[in-house]
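Only one structure is covered here, and it is reproduced in the block below.
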Amino acid sequence: QVQLVESGGGLVQPGGSLRLSCVASGSFLSINAMGWYRQAPGKQRELVATISTDGITNYADSVKGRFTISRDIAKNTVYLQMNSLKPEDTAVYYCNSNIRVDWLYSPRYYWGQGTQVTVSS
């Protein structure tokens, strides 16, 4: 049993900042890559940022230079620092992680429930 729980979402004015957190809990052997996705109303879910076990990061062009993804391996936690927020950043943000729960099976991807981020005056 694996759970991903996000926190840190909310309402912020344009130009403001938010920091999202996602904690993995339950029984598992290892966590591989972790990342953040978002889905705005009427749009498909899109990749925001990912980070590997070695700390290699990848960002969508739309957030590059404004968002920073990081992780604390000891705490099974991934973060997303969002600065210079724009109205178009408004979306539900989902945590995603590739996790191995048993040596008999290949690792699979798990999703959090999502947290709402609204950027508005």
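Do the conditions hold for Ile56, that is, is it surrounded by 16 or more Cβ atoms within 10 Å (Cβ to Cβ) and either more than 14 Å from the chain's Cα centre (by Cα) or at pLDDT below 95 (or both)? Spelling it out, it is not the case that Ile56 is surrounded by 16 or more Cβ atoms within 10 Å (Cβ to Cβ) and either more than 14 Å from the chain's Cα centre (by Cα) or at pLDDT below 95 (or both).
What are the residues in the stretch 30-41 that are in contact with a helix residue (DSSP H, G or I) (Cβ under 9 Å, 6 or more places away or on another chain) and touching a residue at least 60 places away in the same chain (Cβ under 8 Å), if any? Ile31, Arg38, listed by residue number. Set side by side, the residues Asp72, Asp89, Asp102 differ, and just one is of a type in the set (Asp, Glu), more than 10 Å from the chain's Cα centre (by Cα) and exposed (fewer than 11 other Cβ atoms within 10 Å of the Cβ), which is Asp102. If the condition is being surrounded by fewer than 16 Cβ atoms within 10 Å (Cβ to Cβ) and within 14 Å of Gly26 (Cβ to Cβ), then the stretch 105-121 contributes Arg108, Trp111. For the stretch 3-29, filtering for residues that are in contact (Cβ under 8 Å) with a residue 60 or more places away in the chain, closer than 19 Å to Ile69 by Cβ and open to solvent by 40 Å² or more (accessible area, probe 1.4 Å) leaves 4.
When Arg100 is tested against (1) touching a residue at least 24 places away in the same chain (Cβ under 8 Å); (2) closer than 23 Å to Val12 by Cβ; (3) touching a Leu at 6+ places or on another chain (Cβ under 7 Å), just one condition goes unmet, and that condition is (2). Within the stretch 42-67, no residue that is at positive phi sits with its Cβ atom under 8 Å from a residue that is polar (S, T, N, Q) at 6+ positions apart or across chains.
The values are calculated or read from the model by the stated rules, or taken from the named source; none is laboratory data. Since this is a predicted model, take the numbers as computed values, not measurements. Glycine also receives a Cβ, built like all others from the backbone with ideal geometry; neighbour counts cover every protein chain displayed. When the accessible area is computed, the model is the full protein with side chains, heavy atoms only, and any ligands, DNA or RNA have been set aside. Shrake-Rupley method; radii C 1.70, N 1.55, O 1.52, S 1.80 Å.
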